[in-house]
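Student: One structure, pasted below without further comment.
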Amino acid sequence: MTGPIDELLGELTLSEKVSLMGGRDLWSVQPVERLGIPSLKVTDGPNGARGTGLLGTGIPSLCIPSGTALGATWNPELVEELGGVLAAETRARGCHVLLAPTVNLHRTPLGGRNFECMSEDPYLTGRIAVGYIRGVQAGGVATTVKHFVANDSEFERTTISSEIDERTLREVSMRPFQMAVEDGGTWGVMASYNRVNGTYTAENRWMLDTVLRGEWGFDGIVISDWFGARSTAASAMAGLDLEMPGPPRWYGSRLVEAVEAGDVPESVVDAAVRRLLVLAERTRTFDEPHDREEQQLDEPAHRLLARRASTEAMVLLKNDGILPLAVDRLASLAVIGPNAATAMIMGGGSAALVAQHETSLLDALTARMGSQLEIRYEPGVVTDRTARPLGGHTTERSDGGRG
């Protein structure tokens, strides 16, 4: 870095400052080459670091247990260790910011992103998130706690207005975020798509400025969810520092015009850019080659830690003397269910990645016991949107005839 942040800020033109508040592309922020300001690069989480690949593609990555599984460990110290692994994975992708953890709550079993979230309990979620944040940021990678706030409904997720009284909002929905800021010291927060009591979160000044920065003392950046910004002046005045992805739709030239028209004071832009430069300093972005090439890690120690976390996450709901399996007393074993034959280790969407290592339950049982007993598999009930035709043993009579 060529000098203190304020000195660097003073050398930037208005256009350059505004350019730093918008994305260059899907996963990086505009650089200012003239002053040696590099591009911050971000990557999706929370159960790995995908890099610049689109949903479910990219360089193979370590896949740690999902957020719900991490919550089931009740072990913030273990999650902090996993955070260190995620920092190394993120660095290997040439990135500085991990878009994680997700600390929304399980408010309904129909939530499509529930697997990313830790639990239905604000305190447990906050404790696990604090461990996650400390581990990641100790490795020089910023966390971006998401999605602030009350983005728990699958119905009209990107536009719905979550109508919540202030006490419930603070004690339930906001509580994990408050812990992430005050106890975890997160360097980033992602504004959610939805509205809260009629106002989109990315332009909600009470939430982003009064509560987040004023009451909780947050000193990091606020980033929009992808295409989640809805306005220019209202978002800037509320405290939205970074519109993603790029090229910007609401910032960019529109924000320059808003400043020149007096709708947004330039001091607001300066404050946002200062926070972005501080983030670049915290993540050592100035100290490394710009736009580093993505690389794959495959560390045995990381795999062992992920395996240990998986075992701690397992919850046995019922056991009528069946487990552990007594192989010497069994002639055959029925394995039923579509997820037995498929390694369902993650959900889809922005959390999906190409896992380096995965083993299905059926493959594991076959490898361990296949030489000692007969293992028969049936998909059973499939919960796809469209029903599949019955076949095989499903329609077979007890005497072996066709059903």
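Student: Along the stretch 16-28, what does the Karplus equation 6.51 cos²θ - 1.76 cosθ + 1.60 (θ = phi - 60°) give for ³J(HN,Hα), rounded to whole Hz, x for Gly and Pro?
Tutor: With the stated coefficients, the stretch 16-28 comes to 5, 4, 5, 4, 6, 8, x, x, 7, 7, 5, 10, 9 Hz.
Student: Taking the inverse of the average 1/r across all pairs of different Cα atoms in the stretch 319-395, what Kirkwood radius in Å do you get? Numbers along the way, then the final one.
Tutor: On the way: mean 1/r = 0.0676 Å⁻¹.
Mean inverse Cα-Cα distance, inverted, gives 14.8 Å.
Student: Also, quick follow-up: To the nearest 500 deg cm²/dmol, what mean residue ellipticity at 222 nm is calculated for the chain from DSSP H runs of n ≥ 4 alone, each contributing -39,500 (n - 2.57), summed and divided by the residues? Please list the in-between numbers first.
Tutor: On the way: 12 runs with 120 residues, N = 403.
Estimated from H runs of four or more residues: -8500 deg cm²/dmol.
Student: Next question, about the same structure. Can you list residues whose amide H is under 5 Å from Gly94's amide H, if they're 5+ apart or on another chain and H is modeled 1.01 Å from N?
Tutor: Excluding prolines and chain starts, which carry no amide H, the hits are Gln295.
Student: Shape of the stretch 130-194 from its Cα gyration tensor (a ≥ b ≥ c, root eigenvalues): rounded if a/c is under 1.5, otherwise prolate when a/b > b/c, or oblate?
Tutor: Details: a/c = 3.38, a/b = 1.75, b/c = 1.93.
Note, shape of the stretch 130-194 comes out oblate.
Student: Also, I was wondering about something else. In whole percent, what relative contact order does the chain give with Cα contacts below 8 Å and a gap of six or more residues? Write down the numbers at each step before the final one.
Tutor: Details: 810 pairs, mean separation 85.4, N = 403.
The value is 21 percent.
Student: Using amide H atoms built in the peptide plane, which far-off residues or other-chain residues are under 5 Å from Gly53 H to H?
Tutor: Ile59
Student: Calculate log10 I(q)/I(0) of the stretch 5-287 for q = 0.06, 0.07, 0.08 Å⁻¹, where I(q) comes from the Debye formula with a single equal point scatterer on each Cα and nothing for solvent.
Tutor: -0.16, -0.23, -0.30
Read-outs: derived from the displayed coordinates by stated rules, not from any lab. All values derive from a computational prediction rather than experimental measurement.
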